[in-house]
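Report on the structure given below.
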Amino acid sequence: MGLFSQRPHSERTVNWLQQSGLHPLLARLYAARGLESPNELSLDLKQLISPADLKNCLSTATLLADILEKNESILIVADYDCDGATACAVGLRGLRMLGGPETPIQFLVPNRFTMGYGLTPEVVELAAQQQPKPKYLITVDNGIASEAGVERALELGMEVIVTDHHLPGDRLPKAKAIVNPNQPGCAFPSKALAGVGVMFYVLVALRAELRKRGKFTNETQPKLENLLDLVALGTVADVAQLDRNNRVLVSNGLKRIRAGISQAGIQALFQAATRDPRKANTFDLGFAIGPRLNAAGRLADMTLGIRLLLTDNTDEAMTLAYELDRINRERRVIEIGMQEAALAHLAEDQLAGTMSQRNSICLWNSEWHQGVVGIVASRLKERFNRPAIVFAPADGNSGEELRGSGRSLTGFHLRDALDLVSKREPGLILKFGGHAMAAGLTIHKNDFERFDACFQQVASELLNDELLERRHLHDGALEASEFTPEIGDLLAEEIWGQGFPQPVFYGEFEVTQQSLMKEKHLRLMLRPLGTAHGKPADKPLTAVWFNRTQSLPAKAKLAYRLVTDRYQGQARVQLMIEAHDENPGS
């Protein structure tokens with residue numbers, strides 16, 4: 001259910017893009033995603049925005065060049081998700097490439113269950129115990145909100161360089177340097193850089209500074225582009241907006257993976273996920289490779305994932321990748337149990353009539369695992385089209401605190417909503433941080449009902465019926481001649497993702513057969529109908545609707561993705577059904 005509407009596009013732009021040699025279907029899809037001229041089609045590395053536009057990037061590069069020349073000790077403090085892990089690997093590999101193998105550089109990734117998020121004073125004290133004691137801490141994918149941690153570092157004789165992309169709080173930490181496109185006064189045109197993208201930019205600026213100092217020439221300089229597979233993985237897995245700058249980074253990273261010249265760890269993850277790296281796409285990174293890496297931070301220790309990304313030994317990489325695959329399977333089992341419990345709780349609320357009056361979902365359970373709350377929040381948000389926050393007991397504090405992870409809808413800025421709750425009820429939220437679409441927070445267990453009521457009040461003020469109405473944006477109909485494996489391959493090669501969505505088409509079909517697979521997925525045979533498709537297709541098309549058991553009528557208007565399915569050397573079209581328009585005339 002919901003509103004179905006076609007993405008608008010300019011026919012003039014479509015014609016212009018076509019005239020430049022772009023496939024007619026891609027011209028239509030690109031125009032509907034905001035491209036305005038053929039000049040925007042190139043995703044060559046030369047199209048990247050200059051590091052000079054990123055506030056403090058050049059001065060931080062100068063500082064790092066001095067540090068490398070003096071051979072001073074560095075410790076990278078990572079975050080425990082895929083973006084943090086890839087940013088850490090990019091930082092370590094890049095600094096070793098630029099400074100030399102003898103550069104004294106280590107990494108530390110905090111345990112999310114005992115130390116919380118970011119550069120906390122506890123993390124800093126752990127950092128100070130490393131041998132040798134680091135003189136500089138470099139945060140990746142965290143640090144912008146770590147006022148207390150930076151102060152503790154200074155007390156212990158360590159300087160902090162913050163590289164981050166999260167939104168800052170009211171005050172910035174007193175770090176030696178801060179590189180973050182979202183900090184006040186930064187005019188960098190792309191605010192969508194992931195943490196790994198920020199670290200990559202710092203390295204590009206550092207290489208230019210070292211080149212200026214005569215350490216190497218254009219011909220002899222280290223090839224930082226060798227790290228772009230890691231940048232692509234972290235960017236896609238963190239669901240960063242794929243504006244043009246990020247599409248340049250991701251496109252060039254995917255080229256390396258497809259060419260078989262990616263890091264040993266990424267090749268091993270593709271093998272563990274039974275994916276073909278030669279046909280790697282953003283879907284693989286976001287839904288097969290990223291989750292396996294993330295699983296380490298969710299249930300175990302992200303050190304495992306970072307070790308995988310740092311090794312050049314194929315056998316070690318395979319061992320670590322299969323261990324991550326095992327942890328990811330364990331994560332799925334926990335997630336399914338939590339999701340079923342959450343849905344049962346919500347079903348009781350629906351029976352009581354309270355769910356229909358709510359604009360948000362807040363849940364907690366003493367049995368839930370804090371490593372999986374974000375995924376469950378995401379599933380609930382998708383299912384109910386409401387901002388969702390899921391809490392679990394925080395470890396190491398006798399269960400008096402709850403840690404929550406939230407996911408939001410477009411148009412409802414989750415971090416700003418939490419900020420509003422915090423200002424209205426001082427002390428209610430112990431700490432929080434995040435983005436528009438995702439955020440994390442900690443509260444006292446005894447304050448859950450009060451938080452739920454306050455968050456619901458904020459949600460009811462900021463959300464309206466239009467935002468809460470589920471919207472299905474599509475790209476119109478396909479011609480009968482476009483239901484081909486070649487079109488499926490063409491679409492699979494493009495860079496789709498957050499802010500540059502994968503194409504979803506819409507059309508009317510005759511349902512010639514339908515049956516259930518594994519008792520939970522609908523398998524269909526469909527024949528396109530209507531003038532939009534041109535002449536009817538000769539053969540019915542196979543289609544799958546995952547997690548749908550309800551049958552369809554004999555004729556149905558459907559939103560679908562077109563993919564190419566390969567089996568025993570044969571390529572065929574398959575439609576992946578996304579939604580059924582039950583009220584096409586309304």
Check off (1) farther than 25 Å from residue 289 by Cα; (2) part of a helix (DSSP H, G or I); (3) β-branched (Val, Ile, Thr) for residue 220 and give me the number that stays unchecked.
(2)
Residue 171 being part of a loop (DSSP other than H, G, I, E, B), out of contact with any strand residue (DSSP E or B) (no Cβ under 6 Å at 6 or more places or on another chain) and among the basic types (Lys, Arg):
yes
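On the given criteria, is residue 410 in a loop (DSSP other than H, G, I, E, B) and surrounded by fewer than 16 Cβ atoms within 10 Å (Cβ to Cβ)?
In short, yes.
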Output the number of residues of the stretch 18-51 satisfying the condition of being closer than 30 Å to residue 164 by Cβ and in contact (Cβ under 8 Å) with a residue 24 or more places away in the chain.
9
Surrounded by fewer than 15 Cβ atoms within 10 Å (Cβ to Cβ), farther than 26 Å from residue 498 by Cβ, in contact with a helix residue (DSSP H, G or I) (Cβ under 9 Å, 6 or more places away or on another chain) and in the same structural domain as residue 452 (by TED's automatic domain parsing): does that describe residue 425?
no
Take residue 479 and decide whether it is modelled with pLDDT under 95, surrounded by fewer than 17 Cβ atoms within 10 Å (Cβ to Cβ), of a type in the set (D, E, K, R) and in contact with a helix residue (DSSP H, G or I) (Cβ under 7 Å, 6 or more places away or on another chain).
yes
Suppose we filter the stretch 263-284 for residues that are polar (S, T, N, Q) and assigned to a helix (DSSP H, G or I); how many remain?
3
Matching entry among 360, 405 (being under 24 Å from residue 113 (Cβ atoms) and not basic (Lys, Arg))
405
So how many residues does the stretch 554-573 have that are closer than 16 Å to residue 513 by Cα and either crowded, with 19+ Cβ neighbours inside 10 Å or in contact with a Pro (Cβ under 9 Å, 6 or more places away or on another chain) (or both)?
3
The condition of being out of contact with any strand residue (DSSP E or B) (no Cβ under 8 Å at 6 or more places or on another chain), of a type in the set (S, T, N, Q) and surrounded by fewer than 24 Cβ atoms within 10 Å (Cβ to Cβ) holds, among 47, 106, 130, only for 47
Could you check the stretch 463-493 and list, in sequence order, the residues that are under 20 Å from residue 417 (Cβ atoms) and acidic (Asp, Glu)?
465, 466, 469
Please go through (1) at pLDDT 95 or above; (2) more than 29 Å from residue 383 (Cβ to Cβ); (3) not hydrophobic (A, V, I, L, M, F, W, C) for residue 535 and return the number of the only condition it doesn't satisfy.
(1)
Can you find a residue in the stretch 3-17 that is in contact (Cβ under 8 Å) with a residue 60 or more places away in the chain and exposed (fewer than 13 other Cβ atoms within 10 Å of the Cβ)?
yes
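So which residues in the stretch 366-382 are surrounded by fewer than 16 Cβ atoms within 10 Å (Cβ to Cβ) and either in contact (Cβ under 8 Å) with a residue 12 or more places away in the chain or aliphatic (A, V, I, L, M) (or both), if there are any at all?
366, 367
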Exactly one of 234, 253, 260 is part of a helix (DSSP H, G or I) and either of a type in the set (Lys, Arg) or without any contact (Cβ under 8 Å) to a residue 40 or more places away in the chain (or both), and that one is 253
Scan the stretch 179-194 and tell me whether some residue there is in a helix (DSSP H, G or I), farther than 20 Å from residue 135 by Cβ and either touching a residue at least 60 places away in the same chain (Cβ under 8 Å) or out of contact with any Phe, Trp or Tyr (no Cβ under 9 Å at 6 or more places or on another chain) (or both).
no
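Please enumerate the residues belonging to the stretch 134-152 that are over 24 Å from residue 235 (Cα atoms) and either in contact (Cβ under 8 Å) with a residue 60 or more places away in the chain or more than 30 Å from the chain's Cα centre (by Cα) (or both). Step through it out loud before you land on a result.
So in the stretch 134-152, the residues over 24 Å from residue 235 (Cα atoms) come out as 134-136, 147-152.
Matches in the stretch 134-152: 134, 135, 136, 151, 152.
The values are calculated or read from the model by the stated rules, or taken from the named source; none is laboratory data. Small disclaimer: the values here were computed from a predicted structure and weren't measured. Note that each Cβ is placed from the backbone with ideal geometry, even for glycine, and that neighbours are counted across all protein chains shown.
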